[in-house]
Amino acid sequence: MFAYYARLGLRSLRRNPALTLLMIIAMGFGVSASITSYAVFRATSNNPIPQKSAQLFAPQIDNWGPARAAENGGDPPDALSYADATALMLAHKAPRQTALFPIAPSLVPSDPNRLPFRPLSYAAYADTFAMFDIPFEYGGGWTAADDQAHAAVAVIGRDTNQRLFGGANSVGRTINLDGRDYRITGVMDTWNPQPLFFDPVNTSGFSDAVQLFVPFTRAIDLQMPTAGDTACNQDTGSGWEDFLRSECVWIAFWAELPSASEADAYRQFLQGYAAEQQRAGRFHWAPNVRLSDVTRWLADRHVVPPESRMSMLVSLGFLLICLVNTIGLLLAKSLRRSGEIGLRRALGASRNDIYKQFLIEAGTIGAAGGLLGLLLTGAGMLGVGLVFDPNIARLVRLDAVLIALTLLVAIVATLLAAFYPTWRAAQVQPAWQLKSN
Amino acid sequence: MTWQTVTLQIEPILAALRKHKAGTILITLQIALTLAVVCNALFIIKQRVDRISRPSGVEESGLLAIENSWVGASNDAVPALIRTDLAAIRQLPGVRDATLSDSFPLRVGGRVTGVRLDPATDKAITRAAQYSTDDHALATLGARLLEGRNFRSDEVATADSKTFVPTPAVIVTKALADRLYPGGSILGKSIYLIKNGTPSTVIGVVEQLQVPWPGSWTDAFSDYVVLTPIQLTDERNVYLVRAQPGQLEAISKSVPQALFRTNRMRVIPDRRGVRTFAEVRAQAYKTDIGIATFMGAVSAVLLIVTAAGIVGLTSFWVGQRRKQIGVRRALGATQQSILHYFLLENFLISAGGVIVGALLAVGLNQWMMGAFEMKRLSPLYVLLGMLLLLLLGQGAVLAPAMRASRVSPVEATRTS
């Protein structure tokens, strides 16, 4: 029976080739624009550390006062001052925590014929590796004792290990950063969470893989400036020590708080810390603190580009219009075929048979639209690189889920569009149509 | 077609449309939605094009930017390294001038400073971008000095960014000068780049220079720039090089080579390390250009789909009504009045569609203003969109209507 309806359907489609083509093309474009936009949205709104996103928290402390916070809807600065970051480290109120900031040391290869290079690097504490579930190919992170000792140790990325040591186990060997030697404690396996959840402030969320970590305490000793933003609300004085004492914000902070009660306790602690600063006369305002988990942190930093949402919205509008277009055309077609339907009904076809016939016909259009949509989505994936940053574009890939989604959306949308026209067709009274009209 | 015949025709058209209620509603809805989306898409394009076409203030052809950072050089050693580099660059063939700066227009990344006239006020009058550079900056960038003078070479100091103090002499852009001293001259006046800091005297005003960031967060100060004669020693710096006419391609190879010949202990990034200003501009506005193109493509396809939909639906209606048309023709209706009938029918549907669509367009814009950084849709765009869709409808219906008008009166006698 199916084959028969399919044949009837194809014959009907062939009768109006231009119209059939129009429906297929409209559906193809509508679906591919929507799926391509969705692919970008999916990549940029990705949860980069799903197993821990509800346990990792970034605190914010208002050290600039309500006037500045009001410019951001009451939100405290999105980084911490050195004073606050070190105070939180010292308090050690979370099972694991780290202050971190991007640095830009140059790696000097031991081979004098090769040029120095600058991989994406961070200064952080020892807890970082366990907190962020960083996988290791060789060795591991440094220890809390190394943090205490301001030790010259480093963790390097797989690519850097490839570049410097040809991929061999380099644990215990040294690398040269800006003319100083560091002992390698571990080589990370491939690790590149995107968005880069722990530092969306300085990377806008998307970056190359991090290739180097050194101890925070060491970086401060060496007066390594941040490679990211420094925001100050007043004169910073002169020199490194003054800078550390200033209220400039430039440090990210993460705490691992495995349970809701620990998160609440940490919130209380932050509140208490800010109150203490107020009593000490450093803050002249009531405590204004925030504690955000990974998801909330990424959302509040607006990691998903507005263009991604905008193009998704417009694409969905586009798809909706293509749908209305298809409903109208299918309706006109089915009404024109009243005579044929009447004849088939009179010859014994049930309403159900009419439903089946029309829905199979529509499904065929949907499937064809889906296939065209798939081709166009493939082209759209290449187009993503023309609109978005290369770091975002390379995250957007056509995978099995998207392929299935493209076909599914096209077919379901066309079937939905066919529903009303089919119902109208099924209402045709055979007797009416058989009278000469 | 006189007004009377128009009103005479409306009655039967409305009667016919009532018979095709679902089809009429669908095509009205399609026109309305198309108008809503196309209006907003065109408006987005307009906003992005406005953004892209802002002048940078730089003479853009023939400018090269090289990002440079030192490896293991102490802050004290850097000033001499910079001098050697600049000398090496300037003596290369094809180079007209060269300067060192911490940033430049559209670079993405640089320093924002607050500008005050009273050093004690809490809140600065405005924010501005600060370019720390030297006496060759104006000539290299191709920025035009309107008033005052350029920096002298003896005014150029060196400092690391942590011991940075405001320089005694600064040059500002005309836009910033007008913001600080509307109607008056800023030359010789003092401005403060730091709260309770030392004053800086404005010695010159340049016509135009843009801030390093193309994004909308700088819209409030996109032309407010302060040039300070200071070479920063601890940050990634940029060598800006002005090529002799036609020499840009040659020097984009020879300058980095010369720099590495002078000193190998430096990093010029593989990506975005050496860029012509054309590349700088394309990268800075990539998303704006991309989203405008996307919106343009969507609008074009949407208009085609809707036009084709109108053609398709009207063709069906014409096919369905051949007999009635034949009867009207047999009763004396001219070909022209049949044509007019269908044009008018489409006009009524389209008019309904664009009225609903105008409301939808404004509603969509309102919603997008909340969700994105979107300005209020100008009524001009809605009117233009309405006109466009009315014309599109009339254009689309023309072919089926012509076919209808050619239906022979004989059709009246046929049974279908």
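The values are calculated or read from the model by the stated rules, or taken from the named source; none is laboratory data. Treat the numbers as computed from the prediction; the structure is a model and nothing was measured. No Cβ is skipped: glycine too gets one built from the backbone with ideal geometry, and neighbour counts run over all protein chains shown.
Checked against (1) within 10 Å of another protein chain (Cβ to nearest Cβ); (2) not in a helix (DSSP H, G or I), A:LEU335 passes all but condition (2). Condition check for A:ALA85 on (1) among the hydrophobic types (A, V, I, L, M, F, W, C); (2) out of contact with any helix residue (DSSP H, G or I) (no Cβ under 8 Å at 6 or more places or on another chain); (3) modelled with pLDDT under 95: one failure, at (3).
Say we look at the stretch A:290-312 and pick out the residues that are over 14 Å from A:LEU257 (Cβ atoms) and without any contact (Cβ under 8 Å) to a residue 40 or more places away in the chain; which of these is surrounded by the most Cβ atoms within 10 Å (Cβ to Cβ)? Checking each candidate, the answer is A:MET310. Across the stretch B:304-313, not a single residue is classified as out of contact with any His (no Cβ under 8 Å at 6 or more places or on another chain) and part of a loop (DSSP other than H, G, I, E, B). Scan the stretch A:67-82 and give yes if some residue there is assigned to a helix (DSSP H, G or I), away from every other protein chain (no Cβ under 12 Å), free of Cβ contacts under 8 Å to residues at least 24 places away in the same chain and surrounded by fewer than 24 Cβ atoms within 10 Å (Cβ to Cβ), otherwise no. Among the residues of the stretch A:67-82, not one is assigned to a helix (DSSP H, G or I), away from every other protein chain (no Cβ under 12 Å), free of Cβ contacts under 8 Å to residues at least 24 places away in the same chain and surrounded by fewer than 24 Cβ atoms within 10 Å (Cβ to Cβ), which makes the answer no. A:VAL412 passes every criterion in (1) exposed (fewer than 15 other Cβ atoms within 10 Å of the Cβ); (2) within 30 Å of B:ILE289 (Cα to Cα) apart from (2).
Do the conditions hold for B:GLU411, that is, is it among the acidic types (Asp, Glu) and surrounded by fewer than 21 Cβ atoms within 10 Å (Cβ to Cβ)? Yes, satisfied.
Candidates in the stretch B:265-294 are the residues that are facing chain A (nearest Cβ under 9 Å) and surrounded by fewer than 16 Cβ atoms within 10 Å (Cβ to Cβ); of these, the one that is farthest from B:VAL238 (Cα to Cα) is B:THR293. Here B:GLY353 fulfils each of the conditions (1) part of a helix (DSSP H, G or I); (2) under 30 Å from B:ASP50 (Cβ atoms); (3) within 12 Å of chain A (Cβ to nearest Cβ); (4) out of contact with any Ser or Thr (no Cβ under 6 Å at 6 or more places or on another chain) apart from (4). The residue of the stretch A:301-326 that is nearest to the other protein chains (Cβ to nearest Cβ), among those that are of a type in the set (A, V, I, L, M) and in contact with a Phe, Trp or Tyr (Cβ under 6 Å, 6 or more places away or on another chain), is A:MET310. Scanning the stretch B:165-212 for residues being of a type in the set (Phe, Trp, Tyr) and crowded, with 21+ Cβ neighbours inside 10 Å gives a total of 1. Annotation note: of B:GLY332, B:GLY319, B:GLY353, the sole residue that is touching a residue at least 60 places away in the same chain (Cβ under 8 Å) and either surrounded by 17 or more Cβ atoms within 10 Å (Cβ to Cβ) or assigned by TED's automatic domain parsing to the domain that holds B:GLY23 (or both) is B:GLY353.
Test A:ALA3 against the stated conditions and say whether it is without any contact (Cβ under 8 Å) to a residue 12 or more places away in the chain, of a type in the set (A, V, I, L, M) and away from every other protein chain (no Cβ under 11 Å). Taking the combined requirement at face value, the residue satisfies it. For A:PRO258, state whether it is part of a loop (DSSP other than H, G, I, E, B), away from every other protein chain (no Cβ under 14 Å) and in contact with a helix residue (DSSP H, G or I) (Cβ under 7 Å, 6 or more places away or on another chain). It is false that A:PRO258 is part of a loop (DSSP other than H, G, I, E, B), away from every other protein chain (no Cβ under 14 Å) and in contact with a helix residue (DSSP H, G or I) (Cβ under 7 Å, 6 or more places away or on another chain).
Scanning the stretch B:104-121 finds no residues that are surrounded by fewer than 17 Cβ atoms within 10 Å (Cβ to Cβ) and basic (Lys, Arg).
Is it the case that the stretch B:403-413 has a residue that's among the acidic types (Asp, Glu) and either more than 12 Å from chain A (Cβ to nearest Cβ) or without any contact (Cβ under 8 Å) to a residue 60 or more places away in the chain (or both)? There is at least one residue in the stretch B:403-413 that is among the acidic types (Asp, Glu) and either more than 12 Å from chain A (Cβ to nearest Cβ) or without any contact (Cβ under 8 Å) to a residue 60 or more places away in the chain (or both).
Within the stretch B:77-104, being part of a helix (DSSP H, G or I) and either of a type in the set (Gly, Ala, Ser) or without any contact (Cβ under 8 Å) to a residue 60 or more places away in the chain (or both) holds for B:ALA80, B:ARG83, B:ALA87, B:ALA88, B:ARG90. Identification of strands (runs of 3 or more DSSP E) wholly contained in the stretch A:110-226 with 1 or more residues that are surrounded by fewer than 18 Cβ atoms within 10 Å (Cβ to Cβ) and modelled with pLDDT of 95 or more yields A:136-139, A:174-177, A:180-188.
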